Each structure stands twice: as structure tokens, then as C-alpha cells.
1. Looking at the range 182-236, which of the residues that are in a strand (DSSP E or B) and aromatic (Phe, Trp, Tyr) is nearest to Pro54 (Cα to Cα)?
2. Looking at the range 4-36 only, could you name the residues that are among the aliphatic types (A, V, I, L, M) and in a strand (DSSP E or B)?
3. Provide a single number: the residues in the range 164-189 that are out of contact with any Phe, Trp or Tyr (no Cβ under 7 Å at 6 or more places or on another chain), at pLDDT 95 or above and farther than 20 Å from Ala150 by Cα.
4. Take the residues in the range 63-115 that are among the polar types (S, T, N, Q) and closer than 16 Å to Leu154 by Cα, then tell me which one is modelled with the lowest pLDDT.
5. Look at Leu170 and say whether it is in a strand (DSSP E or B) and either touching a residue at least 60 places away in the same chain (Cβ under 8 Å) or not acidic (Asp, Glu) (or both).
6. Condition first: aromatic (Phe, Trp, Tyr) and either under 21 Å from Val112 (Cβ atoms) or under 14 Å from the mean Cα position of the chain (by Cα) (or both). Now tell me which residues in the range 138-177 satisfy that.
7. Would you point out which residue out of Leu82, Leu89 is among the hydrophobic types (A, V, I, L, M, F, W, C) and buried (at least 18 other Cβ atoms within 10 Å of the Cβ)?
8. Just checking, how many residues over the range 176-216 are in contact (Cβ under 8 Å) with a residue 40 or more places away in the chain and of a type in the set (D, E, K, R)?
Amino acid sequence: MKIALNNLTVSYQRHPAVHHASGEFAIGEATAIFGPNGAGKSTLLKTMMGALKPDAGSVQLSGLAVCDMAYLPQQSEIDRSLPVSVTDLVATGLWHESGAFGRMRRSGLIRVEEALHQVGLHGFAARPVSALSSGQFQRVLFARILVQDARLILLDEPFNAVDAKTTFDLLELVRRWKEEGRTVIAVLHDYEQVRAYFPYTLLMGREIIAWGKTDAVLNDANLRRAVERTASWHDSAPVCRTDGEAA
């Protein structure tokens with residue numbers, strides 16, 4: 001399995017959000033994508049998942065099928081008003097086994113129940129998702145990842161607006177996934193979470209500032225450069241031109 005960025009550029013209205021990014025993620029490890037607001041972190045993750053099309057370059061996901069990848073978007077991007085139960089939502093993680101409209105087997109229901117127990121939501125199966133708190137809803141989304149049993153897990157700001165107890169419990173799940181040899185890549189904005197739970201860090205400032213072991217990446221000089229590089233990009237900056245394009 002290989003997960004790599006090959007000269008990746010992603011733009012909004014030709015202004016680059018991710019600029020000529022290249023590098024390879026550590027397999028079976030937890031990597032944080034870190035940087036200031038506007039650094040291109042979520043854009044990078046969405047492009048890796050296929051939700052955004054790059055202007056140039058590519059994302060390499062060798063040895064992975066679609067069912068091997070689990071993606072958790074930011075809560076603000078999820079419609080919680082849909083009339084579905086906790087069980088219904090978690091069971092969507094079994095789509096690669098039951099199909100989009102297939103009936104869930106007894107074994108699948110047992111897996112859903114076990115996942116809810118692991119995230120601390122035993123007894124919540126029949127509740128509508130619209131009745132959950134932000135922390136409870138995030139636990140449900142992590143339970144969905146548990147039943148999917150993916151090799152690559154992509155998380156976009158998974159602890160934003162979530163209470164401290166839920167954050168701790170879910171971070172422990174991330175630790176367990178790493179111990180199981182799964183590859184976890186998460187967009188984060190909390191410095192202490194990154195240092196405590198993510199051995200590797202990709203520091204962004206619209207371009208790659210540093211990428212490697214967290215202790216080596218998160219130093220004052222790199223963090224300062226990430227802020228400066230992010231601030232230097234603005235809507236009136238020149239558009240990004242691909243190789244060979246006329247000025």
C-alpha cells in the first residue's frame with residue numbers, strides 16, 4: 001500500500017489552496033495535517049478522498065479499494081435533520097457488504113451494537129440522530145468507521161466543537177487504530193492533541209512547510225513559517241499556472 005502526493009495543486013477560482021505538494025504518508029501510522037486556518041488542510045484531505053479535482057499533479061492510493069477507505073467530514077457539512085436512527089447511520093458503514101439498499105444481516109446488526117458499545121453509546125441504537133448532542137453524534141460517526149473496518153481512515157477536524165470527555169475517548173480509538181496497523185490521517189488544529197497522539201505531522205501553509213516525525217516538524221521556526229506562508233496567499237494573488245501554460 002502506498003499513499004502519496006505527486007506535485008499536487010488544488011485551486012479555488014485559480015487561486016491555489018494546496019500548492020505543488022509532494023510526499024508520502026507513513027503506512028500503519030497516525031499522521032496529523034496541521035497548520036493555521038486557511039492553510040489548505042481540509043482541501044488536501046477532500047482531494048485525497050476524491051471530493052475535489054486537482055488542477056495539477058495527483059494523489060496516489062496504491063493497493064487500496066474504495067471500501068478500504070473511511071472518510072469523516074466536518075460536522076458542519078453533515079445534514080443531521082434526516083429522519084434516521086443511530087443504528088441506520090452506523091449501518092451505512094456496511095455498504096460494501098450489503099449494498100446501497102441491501103438488508104442488514106444479523107451479523108451486521110451485532111457489529112453495529114458492538115461499535116456503539118465501544119464508543120460509549122450502548123442503549124442509543126433506536127434514537128434519532130437529530131436528537132443527539134454534538135459529542136454523541138461524533139461518537140456515532142466513529143462507530144460507523146468501526147463497522148466499516150477500513151485500512152485508511154481520513155478525519156477532517158473530528159474533535160471540533162466536541163466536549164473534552166468525548167474527545168479523549170475518540171482519541172483513544174485513534175490510538176487503537178494505529179496499534180492495529182491502520183493508517184490514520186487527520187486534519188487537526190489542537191497542538192497538544194497532535195503531539196500526544198500523532199507520531200507524524202504534515203505542516204501546511206498552502207504548501208508543505210515540513211513533513212515527518214512530529215517532534216521534528218512542530219518547532220517554532222516551522223510554525224512561524226506556516227503562518228507567514230498562509231498569510232501571504234490572498235484573493236488578489238496571481239492565479240496558479242500549470243506547467244507549460246502561457247503567462
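1. Keep residues of the range 182-236 that are in a strand (DSSP E or B), which gives 183-187, 200-204, 208-213.
Next, from what is left, pick out any that are aromatic (Phe, Trp, Tyr): 200, 211.
Numbers: Tyr200: 24, Trp211: 21 Å.
Residue satisfying both the conditions and the ranking: Trp211.
2. Step one: of the range 4-36, the residues among the aliphatic types (A, V, I, L, M) are 4-5, 8, 10, 17-18, 21, 26-27, 30, 32-33.
Answer for the range 4-36, where residues must be among the aliphatic types (A, V, I, L, M) and in a strand (DSSP E or B): Ala4, Leu5, Leu8, Val10, Ala17, Val18, Ala21, Ala30, Ala32, Ile33.
3. 4
4. That would be Gln75.
5. Details: in a strand (DSSP E or B): no; either touching a residue at least 60 places away in the same chain (Cβ under 8 Å) or not acidic (Asp, Glu) (or both): yes.
Against the criterion (in a strand (DSSP E or B) and either touching a residue at least 60 places away in the same chain (Cβ under 8 Å) or not acidic (Asp, Glu) (or both)), Leu170 does not qualify.
6. The initial filter retains those residues of the range 138-177 that are aromatic (Phe, Trp, Tyr), namely 142, 159, 168, 177.
Selection gives Phe142, Phe159, Trp177.
7. Numbers: Leu82 fails: buried (at least 18 other Cβ atoms within 10 Å of the Cβ).
Of Leu82, Leu89, the one residue that is among the hydrophobic types (A, V, I, L, M, F, W, C) and buried (at least 18 other Cβ atoms within 10 Å of the Cβ) is Leu89.
8. Number of matching residues: 4.
The values are calculated or read from the model by the stated rules, or taken from the named source; none is laboratory data. All figures in this text were calculated on a predicted structure; none of them were measured in a lab. Every residue, glycine among them, receives a Cβ derived from its backbone with ideal geometry; neighbour counts consider all protein chains shown.
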